[in-house]
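Heads up, the thing below is written out as structure tokens.
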Amino acid sequence: MHEMGIVLHLAKTLTQTAKEQNIVKISHVTLEVGEVSGILTDYFSDCWDYFKGRSELLKDSVLEVVTTPAVTWCDSCKKTYPTVKYGRICPYCGSGETWLLYGNQCVIRDITAEEE
Ligand SMILES: [Zn+2]
């Protein structure tokens, strides 16, 4: 599944980062997720819970998800507009020549290590 893949990737990245910074336990993870990434589902939380329960590093961690707005670029009139509100059609000129600029990313913004 899509979500499981993302969670696996996330856990892998966290494990790698923890290793580099000598972190044995993570207490808090801030994840930045784009509005149209399609992963803000209950299933994503379920996957995360399932995975973290099996990891010493993440067992007691809290996952905080910060949503960032999606922005689309219109190639016809060279303007940007909010993706979720207008979809693929530019609200200024009605063109369909549009591209998603931001909004489908999933990046780790911050990790807090648990104090000994
Ligand atoms: Zn336009």
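Computed values, structure above
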| item | result |
| --- | --- |
| Selection within region 13-54 - closer than 16 Å to T112 by Cβ and assigned to a loop (DSSP other than H, G, I, E, B) | Q21, N22, I23, V24, K25 |
| Failed criterion for G38 (all others in (1) under 17 Å from V7 (Cα atoms); (2) buried (at least 18 other Cβ atoms within 10 Å of the Cβ) hold) | (2) |
| For L31: the one exception among (1) more than 16 Å from the ligand (Cβ to nearest atom); (2) of a type outside the set (S, T, N, Q); (3) exposed (fewer than 15 other Cβ atoms within 10 Å of the Cβ) | (3) |
| Identity of the residue in region 73-116, of a type in the set (S, T, N, Q) and more than 28 Å from T41 (Cβ to Cβ), that ends up most open to solvent (accessible area, probe 1.4 Å) | S76 |
| Meets criteria (out of contact with any His (no Cβ under 9 Å at 6 or more places or on another chain), among the β-branched types (V, I, T), open to solvent by 40 Å² or more (accessible area, probe 1.4 Å) and part of a helix (DSSP H, G or I)) for T67 | no |
| Selection within region 1-16 - free of Cβ contacts under 8 Å to residues at least 24 places away in the same chain and surrounded by fewer than 11 Cβ atoms within 10 Å (Cβ to Cβ) | K12, Q16 |
| Residue list for region 70-116, restricted to those being of a type in the set (F, W, Y), farther than 27 Å from I6 by Cα and part of a strand (DSSP E or B) | Y81 |
| Top-ranked residue of region 53-64 - restricted to ones that are open to solvent by less than 60 Å² (accessible area, probe 1.4 Å) and aliphatic (A, V, I, L, M), ranked as nearest to C106 (Cα to Cα) | L63 |
| Candidate set from region 66-116 (those that are of a type in the set (F, W, Y) and more than 30 Å from L10 (Cα to Cα)); member that is nearest to the ligand (Cβ to nearest atom) | Y92 |
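The values are calculated or read from the model by the stated rules, or taken from the named source; none is laboratory data. Just so we're clear, the structure is a prediction, and the values are computed from it rather than from any experiment. So basically every Cβ, Gly included, is an ideal-geometry build from the backbone, and we count neighbours across all protein chains shown. Only protein heavy atoms, including side chains, enter the accessible area calculation; ligands, DNA and RNA are left aside. Shrake-Rupley method; radii C 1.70, N 1.55, O 1.52, S 1.80 Å.
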